Amino acid sequence: MNTQIKDAPEKVSPQHEVIIIGAGVAGIYQLYRLKELKVDAVVLEAAGGLGGTWYHNRYPGCRFDSESYTYGFSFSKELLDEWHWKERFSGQPENLRYLTHVAHKFDLRKHMQFNAKVASAHYDEISDIWRVHLADGRDLTSRFLITGLGLLSAPTLPKLADMDSFKGPSFHTYYWPHEPIDLRGKRVAVIGTGATGVQVIAEIADKVGDLTVFQRRPNWCAPLNNGPISEAEMADIRKRYDQIFETCLRTPGGFEHEPDRRGFYEVSREERIALWDRLYGEPGFGIWLCNFREIFTDEVANAEFSEYIAGRIRARIKDPVLAEKLIPKDHGFGIQRVPLETRYYEAYNRENVHLVDIRETPIERITPTGLKTTAAEYEFDVIIYATGFDAITGSFDRIDIRGVGGQRLSDKWADGPVTFLGMQVHGFPNFITIAGPQSGSASTNFPRGIEVGVDWVMRVLKYTWEHKYTRVEPTPEAEERWTRHVANMYSTMLMRKAKGWFTGYNSNVAGHEAGKIRHLVYNGGSPKYRATITQVADEDFKGMVFR
Ligand code: NAP
């Protein structure tokens with residue numbers, strides 16, 4: 001008898017305990033926490049430097065719409081004491097300097113590899129490790145794969161005819177050139193009027209020769225009300241940091257802004273107007289987040305408030321016909337992400353700024369010298385695409401991620417993400433998505449959510465190490481429950497009716513063009529999310545399987 005004894009495949013040890021993809025806010029903090037414990041971790045970053053969003057988005061006007069001092073990391077008193085935020089809503093160059101300073105101060109850079117674009121990550125079930133392949137041909141392995149990919153890091157361009165034919169510079173705002181580009185006196189086109197387009201338009205309107213904005217749907221925008229932070233104010237903020245971060249932990253959005261607890265219908269119209277008048281003049285997201293909660297859930301309340309904002313817009317634009325074009329008619333205030341602006345509406349009062357409504361006259365094609373709509377041909381020196389992102393799941397889809405049995409993550413998520421707590425996926429062991437789709441960390445003032453998410457991830461990792469496990473993943477039942485919970489919350493929110501990135505809408509991505517909602521965002525608010533993930537950890541990670 002001829003018996004063949006087949007060797008059992010050998011387990012291999014990983015090169016690194018943890019690979020983190022992305023050197024933005026999430027990757028930096030995750031690396032910091034691992035290095036505190038002297039864990040062997042490496043960050044792989046596709047870009048040429050750290051900073052994520054703040055590395056890429058160098059367009060004029062790019063700035064926080066979180067109060068700067070609520071955006072900084074809270075983990076180091078020394079860091080809080082030494083950093084002076086110069087503006088209430090700090091601009092991109094300063095934000096990138098801050099993150100660079102953090103990485104330098106905590107000696108994190110030496111654990112980061114730049115221009116290290118992850119092409120694929122495959123789970124090896126024999127060894128319980130991740131095999132990561134880089135676009136430059138290198139291969140790495142790790143026990144855990146943690147993603148800090150960012151929410152809005154897969155930019156999307158429109159699919160217009162002859163896009164490459166334009167002879168001048170043209171680029172997506174995410175890829176704004178690193179070398180200075182002089183727009184003075186130039187004829188500039190901006191396509192897109194989301195939060196990015198709104199910032200660019202307001203910033204360049206008085207600097208360029210001529211600016212033409214191609215708008216498909218207007219957004220509801222409100223004033224940022226930015227201003228400088230003096231030495232004395234900063235000293236006061238430093239004294240109050242504990243209290244500021246405590247407030248941020250308590251509020252649904254992770255900001256200092258707290259919802260008005262009065263019922264919309266319990267107060268008179270005069271009282272509502274008084275609140276809105278005050279909020280319109282205050283800095284930041286107060287107008288959205290300090291409002292009555294019914295604004296988010298009740299059509300009548302939302303319509304009344306939207307009409308109030310429409311009045312504000314009308315008052316700021318000289319030409320009444322133009323004003324109507326800038327007022328959304330297809331959705332109410334705040335059910336899509338609200339862009340905060342500085343003199344945005346006033347830009348349209350300038351003679352050198354023109355608005356083209358491309359629902360009336362769609363763009364037919366890009367030409368060597370500009371673009372052509374159904375009504376006219378335009379000549380430009382520069383074309384700026386502020387056309388948004390394949391939100392949250394897009395950056396996962398751009399990596400070939402495969403779990404147990406070779407299952408592709410992009411297939412599993414084809415109809416929308418399926419996750420446990422927005423941080424783990426069944427069939428993808430040892431894979432942790434900080435601020436992944438459906439995580440509370442993704443739908444809050446970002447660093448506040450990141451700190452909560454990463455601190456929970458550290459509990460998972462420590463538990464795994466202490467028990468000498470090599471594999472952790474959620475059960476399918478726990479994942480199904482979480483995904484249903486996230487979907488159910490959409491059903492109470494007016495947001496479900498919006499065509500914005502909160503519902504996974506993107507007209508430039510096949511399968512995401514309206515219609516079916518993709519439940520990308522957790523809407524329960526940050527305190528509830530924190531309580532839920534803490535309870536999971538306290539109950540020995542109920543819903544997760546370790547071995
Ligand atoms: P966005 O909100 O998705 O806006 C994209 C814009 O481009 C929309 O006006 C969209 O029109 C238009 N567009 C897309 N495809 C088009 C096409 N094929 N033809 C014509 N127009 C097209 O993207 P974003 O402005 O980059 O903002 C994304 C998110 O980034 C924001 O919601 C926010 O969360 C974040 N952000 C934050 C800050 C900040 O913190 N300060 C600043 C900027 C951005 P439709 O509406 O008709 O689709």
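The values are calculated or read from the model by the stated rules, or taken from the named source; none is laboratory data. Not measured: the values here are computed from a predicted model. Heads up, the Cβs are rebuilt from the backbone with ideal geometry, glycines too, and the neighbour counts pull from every protein chain shown. With ligands, DNA and RNA removed, areas are computed over all heavy atoms of the protein, side chains included. Shrake-Rupley method; radii C 1.70, N 1.55, O 1.52, S 1.80 Å.
What are the residues in the range 519-530 that are within 14 Å of the ligand (Cβ to nearest atom) and of a type in the set (Lys, Arg), if any? Show your work before the answer.
First pass over the range 519-530, keeping only residues within 14 Å of the ligand (Cβ to nearest atom): 520-521.
None - no residue of the range 519-530 is within 14 Å of the ligand (Cβ to nearest atom) and of a type in the set (Lys, Arg), so the list stays empty.
Going residue by residue through the range 37-52, is there one that turns out to be surrounded by fewer than 23 Cβ atoms within 10 Å (Cβ to Cβ) and among the acidic types (Asp, Glu)?
Checking the range 37-52: at least one residue is surrounded by fewer than 23 Cβ atoms within 10 Å (Cβ to Cβ) and among the acidic types (Asp, Glu).
Assuming Pro474 fulfils every condition listed in (1) closer than 19 Å to Val425 by Cα; (2) free of Cβ contacts under 8 Å to residues at least 24 places away in the same chain apart from one, which condition is it?
Unmet for Pro474, out of (1) closer than 19 Å to Val425 by Cα; (2) free of Cβ contacts under 8 Å to residues at least 24 places away in the same chain: (2).
Exactly one condition in (1) open to solvent by less than 60 Å² (accessible area, probe 1.4 Å); (2) at pLDDT 95 or above; (3) of a type outside the set (D, E, K, R) is false for His485; which is it?
Going through the list (1) open to solvent by less than 60 Å² (accessible area, probe 1.4 Å); (2) at pLDDT 95 or above; (3) of a type outside the set (D, E, K, R), His485 breaks only (1).
Output the number of residues of the range 314-343 satisfying the condition of being away from the ligand (no atom under 16 Å from the Cβ) and either open to solvent by less than 10 Å² (accessible area, probe 1.4 Å) or among the aliphatic types (A, V, I, L, M) (or both). Spell out how you get there, then give the answer.
Let us first name the residues in the range 314-343 that are away from the ligand (no atom under 16 Å from the Cβ), namely 314-324.
Next, from what is left, pick out any that are either open to solvent by less than 10 Å² (accessible area, probe 1.4 Å) or among the aliphatic types (A, V, I, L, M) (or both): 315, 317, 321-323.
Going through the range 314-343 one residue at a time, the tally reaches 5.
Just checking, which of Gly515, Gly504 is within 16 Å of the ligand (Cβ to nearest atom), under 25 Å from Leu157 (Cβ atoms) and over 20 Å from the mean Cα position of the chain (by Cα)?
Step by step, each of Gly515, Gly504 is checked, and only Gly515 is within 16 Å of the ligand (Cβ to nearest atom), under 25 Å from Leu157 (Cβ atoms) and over 20 Å from the mean Cα position of the chain (by Cα).
Going residue by residue through the range 198-214, is there one that turns out to be within 11 Å of the ligand (Cβ to nearest atom), part of a strand (DSSP E or B) and not charged (D, E, K, R)?
Step one: list which residues in the range 198-214 are within 11 Å of the ligand (Cβ to nearest atom), which gives 198-201, 213-214.
Filter once more, keeping what is part of a strand (DSSP E or B): 213-214.
Of the ones still in play, those that are also not charged (D, E, K, R) are 213-214.
Yes, the range 198-214 has at least one match.
Looking at Ala232, Ala222 in this structure, which one is of a type in the set (A, V, I, L, M), at negative phi and open to solvent by 40 Å² or more (accessible area, probe 1.4 Å)? Reasoning before the result, please.
Numbers: Ala222 fails: open to solvent by 40 Å² or more (accessible area, probe 1.4 Å).
So the residue among Ala232, Ala222 that is of a type in the set (A, V, I, L, M), at negative phi and open to solvent by 40 Å² or more (accessible area, probe 1.4 Å) is Ala232.
Identify the single condition in (1) out of contact with any Lys or Arg (no Cβ under 9 Å at 6 or more places or on another chain); (2) part of a helix (DSSP H, G or I); (3) open to solvent by 20 Å² or more (accessible area, probe 1.4 Å) that Ile237 does not satisfy, given that it satisfies every other one.
For Ile237, the failing item is (3).
What residue, among those in the range 488-501 that are within 11 Å of the ligand (Cβ to nearest atom) and open to solvent by 30 Å² or more (accessible area, probe 1.4 Å), is modelled with the highest pLDDT?
Keep residues of the range 488-501 that are within 11 Å of the ligand (Cβ to nearest atom), which gives 498-501.
If we keep only those that are open to solvent by 30 Å² or more (accessible area, probe 1.4 Å) too, we end up with 499, 501.
Details: Lys499: 90, Trp501: 93.
Out of the qualifying residues, it is Trp501.
Just for the range 53-66: of the residues that are open to solvent by 30 Å² or more (accessible area, probe 1.4 Å) and out of contact with any Pro (no Cβ under 9 Å at 6 or more places or on another chain), which one is farthest from the ligand (Cβ to nearest atom)?
It comes out as Tyr55.
Looking at (1) within 25 Å of the chain's Cα centre (by Cα); (2) more than 11 Å from the ligand (Cβ to nearest atom), which is the only condition Arg187 fails?
(1)
Kindly indicate whether Arg131 is touching a Ser or Thr at 6+ places or on another chain (Cβ under 6 Å) and more than 16 Å from the ligand (Cβ to nearest atom).
Numbers: touching a Ser or Thr at 6+ places or on another chain (Cβ under 6 Å): yes; more than 16 Å from the ligand (Cβ to nearest atom): yes.
In short, yes.
Name the single residue that is farthest from the ligand (Cβ to nearest atom) among those in the range 379-398 being assigned to a helix (DSSP H, G or I) and either at positive phi or in contact with a strand residue (DSSP E or B) (Cβ under 9 Å, 6 or more places away or on another chain) (or both). Before the answer, list the steps.
Filtering the range 379-398 down to residues assigned to a helix (DSSP H, G or I) leaves 394-397.
Checking the rest, the ones that are also either at positive phi or in contact with a strand residue (DSSP E or B) (Cβ under 9 Å, 6 or more places away or on another chain) (or both) come to 394-396.
On the way: Gly394: 11, Ser395: 13, Phe396: 17 Å.
Per the stated criteria, the residue is Phe396.
Please give the helices (runs of 4 or more DSSP H) falling wholly within the range 67-144 in which 3 or more residues are surrounded by 17 or more Cβ atoms within 10 Å (Cβ to Cβ).
Details: elements: 68-71, 77-82, 92-105.
Those helices (runs of 4 or more DSSP H) span 68-71, 92-105.
Suppose we keep only residues that are open to solvent by less than 20 Å² (accessible area, probe 1.4 Å) and part of a strand (DSSP E or B) within the range 145-170. Which one would you say is farthest from the ligand (Cβ to nearest atom)?
Per the stated criteria, the residue is Leu145.
Which residues, counting only those in the range 345-387, are touching a Lys or Arg at 6+ places or on another chain (Cβ under 9 Å), open to solvent by less than 50 Å² (accessible area, probe 1.4 Å) and under 30 Å from Phe285 (Cα atoms)?
Tyr345, Tyr348, Asn349, Leu355, Asp357, Ile358
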